[in-house]
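To keep things clear, I will list the structure first and then write my remarks on it.
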Amino acid sequence: MTFTIEVQNDANFAVDVSRLQQAAQTVLARHDVDADSMITVVITTDEAVQGLNKQHRNIDAATDVLSFPADPLPPELAEEEDESYLGDVIIAYPYTKAQAEREGHDVDDSVALMVVHGTLHLLGYDHDTPENRAEMWAEQAAALKIMGIDAAIVPALEGSDDV
């Protein structure tokens, strides 16, 4: 099954677009989503992500990834094709790159992890409780394994005490 994964990289950061698409495809293929499902992955600056983080989460700081699930339209406005749009994954490339370098991880693996993590959020996963975190981390680890990325990258990026 092939889903539509659009990657927007207006700042022309050095990312492997096909690998990012593969990361999202891997997560979506493991879940019961429509075959015509679509997401957008935006690779952008720390400042852009900080602005979104402040606007939507009231946190005035950059972060590695934000996810914005698509809001369902009211039934009278919805068209069948609209229901297939799952949302946006926004990645702060400089933040993610610095984080990977600091932790000694491959930058491409770290950006792919952000796509996996963000796509899981679009599907409703969260890490707000220990139970939810365990479920999300299991799904994340499974997707990373399929992609050949060591799941040990996750705690180093997320912080072992974070929830």
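Where a number appears in this text, it was derived from the coordinates with a stated rule and is not lab data. Since the model is a prediction, treat every value here as computed from it, not as a measurement. Using ideal geometry, Cβ is built from the backbone for each residue, glycine included, and neighbour counts are taken over all protein chains shown.
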Problem - Structure-derived Rg/Rh (Cα atoms, Kirkwood Rh) - corresponding label in (i) 1.11; (ii) 1.02; (iii) 0.95 - result: (iii)
Exercise for the section: Among 141, 152, 70, determine the one that fluctuates most according to a GNM of the chain built with springs between C-alpha atoms less than 10 Å apart. Expected result: 152
Completion exercise
The extension gain from residue 102 to residue 14, computed as 0.36 nm times the residue separation minus the Cα-Cα distance, is 29.9 nm
Fill in the blank from the handout: With +1 at each Lys and Arg Cβ and -1 at each Asp and Glu Cβ, the charge dipole magnitude of the range 84-148 around its Cα centre, to the nearest 20 debye, comes out at 100
Problem - For a label point 7 Å along the Cα-to-beta-carbon line of residue 45, residues of the range 14-29 with backbone N under 17 Å - result: 14
Exercise for the section: Go ahead and set up a Gaussian network model of the chain, Cα springs under 10 Å, then flag whichever of 108, 60, 46 fluctuates most. Expected result: 60
Fill in the blank from the handout: Ranking 124, 26, 87 by how far each Cα lies towards the positive end of the charge dipole of the chain (+1 on Lys and Arg Cβ, -1 on Asp and Glu Cβ), the top one is 26
Completion exercise
Along the range 21-28, Karplus-curve 3J(HN,Hα) (6.51, -1.76, 1.60; θ = phi - 60°) to the nearest Hz, with x for Gly and Pro, reads 5, 4, 4, 5, 4, 4, 5, 4
Practice task
In debye, nearest 20, what is the charge dipole magnitude of the chain about its Cα centre with +1 on Lys and Arg Cβ and -1 on Asp and Glu Cβ, if you could check?
Solution key: 560
Fill in the blank from the handout: Relative contact order as a percentage, the chain, C-alpha pairs under 8 Å and 6+ apart, gives 23
Practice task
Multiply the residue gap between residue 132 and residue 4 by 0.36 nm, knock off their C-alpha separation, and tell me the result in nm, one decimal place.
Solution key: 43.4 nm
Handout entry: GNM result for the chain, Cα springs below 10 Å: residue of 106, 32, 88 fluctuating most strongly
Key = 32
Fill in the blank from the handout: For the chain, the longest principal axis of the Cα atoms and the Cα long axis of helix 130-147 enclose an angle in degrees, to the nearest 10, of 90
